[in-house]
Amino acid sequence: MQLTALIIFIFTYVGIIFTRLPGINVDRPSAAFFGAVAMVVFGVLDLGEAVKAIDYNTIALLLGMMIIISTLQLDGFFSLIARKTLSWSRTPGRLLVIITFVTGIASAFLVNDAVVLLFTPVIIAICRTSRLNPVPYLIAEILASNTGSAMTITGNPQNMLIGITSGIDYATFFFKLLPVSLSGMLVIVGMVRWFYRSEFRPGRVIATGENHFHYRMPSMKFSVPIFLGVVVLFFLGKIIGLSIPVIALAGASLILLLGKVKPSEVIKNVDWVLLLFFASLFIVVEGAVKAGLMDAFIFGSVLTGDLEGIVKLHGLSLLMSQIVSNVPYTVMMLPVLKSLPGDILWLTLASASTLAGNATIIGAMANLIVIESAEKEKVTIGFRQFFKIGLPVTLLSCLISIAVLWLWL
């Protein structure tokens, strides 16, 4: 059984790493789904064990947030944010600061993948109207979306996994990782200005092109207060006795009921493929755990809740996130960290796996979303072009993360 599980596990992660294999129609979701089914077909898990392996709390949180975000998207909430904040931009430097912090903070509460998907066309349109090179601003958007999302459980899928599995409450998670995200965003602004010095000459005034923004204010009178209420309840969840997934689902149900967008349109926009991907990964990893494959990992025996453990986990996250991307890596690490006491390593995994996504184009899904969206608008960001700024930003951010987490010890 162990050999069977190993073969299935390897094939699954090879499909996730390379996304395309010669002669096989495989991508990340299909590779994970095949691996999950294979674990059952070949007897590593029975169907009951496979169903129990799925973390329904994480699936529920993802679903609830997707419904809320989908409604806000259809209402034009993201366009309103872009219009109100970017209207303050009168110089390239100010535009860079606003894009970085608006993207980072929005990503913390609205899931970074959705934020960059909606912000990218807006940023390109503004840059073209203002005759600016969009590349520095898109790179800042990518880096900020990952860095900002590190501060909350709802910022990205891997943090949702960590938050639900570890049991750390929303407020504690937020306040302990807030310094990492804010400091990281300052690093992004400084590094982008340094690498693209010619783009930020003093004295240059730009237009913001407000005609590109469209939104429905009457509809947002219902959806935005519900979303804000959900965020407030996330912080109060421990006090009122409601879990984060339940709060997200309650907000999703209310926004469908009271919002002015057809529920069928909202539900159609939910990323069901991502939910299948997550459910499948849970099953694959559970099969590996049952077969004893995870026992072969020495990570658990060398990771400790001190400075040395924090540094090692940052290094491991930086390496593995470039190989398999940060979400599959996080799923793989969940059973390892479950055997270790304390919250500090959970927070370290959240911070490190998210920040590590900034090193290369393939480090995080948000990176690929921006680059693919930009290519549709005939804006190209090359691997080396991104890497030369992404790597130093990642290393500096990780050093800040190590320092902050060490102080929390």
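Every read-out reported here was derived from the displayed coordinates using simple, explicitly stated rules and does not represent laboratory data. Because the structure is predicted, anything quoted here is derived from the model rather than measured. Every residue, glycine as well, gets a Cβ built from its backbone with ideal geometry; the counts of neighbours run over all protein chains shown.
Could you compute the FRET efficiency for PHE195 and ILE267, with r as their C-beta to C-beta distance and R0 at 56 Å, rounded to 0.05?
Working: r = 42 Å, r/R0 = 0.75.
Calculated value: 0.85.
Between HIS214 and LEU340, take the C-beta separation as r, use R0 = 41 Å, and let me know the FRET efficiency to the nearest 0.05. Walk me through the numbers before you get to the answer.
Details: r = 49 Å, r/R0 = 1.20.
The formula returns an efficiency of 0.25 here.
Between LEU258 and ILE7, what is the spin-label point distance in nm, taking each point 7 Å from the Cα along the Cα→C-beta axis?
Those two pseudo-labels are separated by 5.5 nm.
Given contacts defined as C-alpha pairs under 8 Å and at least six residues apart, what's the relative contact order of the chain, whole-number percent? Don't jump to the answer; show the numbers that get you there.
Details: 647 pairs, mean separation 100.3, N = 409.
Relative contact order here is 25 percent.
Are there any helices in the chain, counted as whole DSSP H runs, that stretch 30 Å or more along their axis by Cα and score at least -1.0 on average by Kyte-Doolittle, and if so which?
Numbers: long enough: 170-195 (35 Å, 1.46); 217-240 (33 Å, 1.80); 383-408 (35 Å, 1.52).
Counting only whole DSSP H runs, the qualifying helices are 170-195, 217-240, 383-408.
Can you sort LEU407, LEU242, LEU303 by how many other beta carbons sit within 10 Å, fewest first?
On the way: LEU407 9, LEU242 14, LEU303 22.
Going from sparsest to densest Cβ surroundings: LEU407, LEU242, LEU303.
Write out the chymotrypsin sites (Phe, Trp or Tyr not before Pro) in the stretch 30-122 meeting two conditions: DSSP loop, and at most 15 other Cβ atoms within 10 Å of their Cβ.
Working: sites: PHE33, PHE34, PHE42, TYR56, PHE77, PHE78, TRP88, PHE101, PHE109, PHE119; in loops: PHE42, TRP88.
Answer by residue number: PHE42, TRP88.
Rounded to the nearest 0.05, what FRET efficiency do ARG94 and LYS52 give with R0 = 45 Å and r taken as the Cβ-Cβ distance? Could you check?
Numbers: r = 52 Å, r/R0 = 1.16.
So, using R0 = 45 Å, E works out to roughly 0.30.
Using Cβ counts within 10 Å as a stand-in for footprinting exposure, how do HIS314, HIS214 rank, fewest first?
Details: HIS314 24, HIS214 9.
By the 10 Å Cβ count, ascending: HIS214, HIS314.
The stretch 50-158: which trypsin sites (Lys or Arg not before Pro) are DSSP loop and have at most 14 other beta-carbon atoms within 10 angstrom? Show your work: numbers first, answer last.
Values: sites: LYS52, ARG83, LYS84, ARG90, ARG94, ARG128, ARG131; in loops: ARG90, ARG131.
In loop regions of the stretch 50-158 (DSSP not H, G, I, E or B), the sparsely surrounded trypsin sites (Lys or Arg not before Pro) are ARG90, ARG131.
Which of LYS312, LYS260 comes first, and how do the rest follow, when ranked by fewest Cβ neighbours within 10 Å?
On the way: LYS312 17, LYS260 14.
Ordered by Cβ neighbours within 10 Å, fewest first: LYS260, LYS312.
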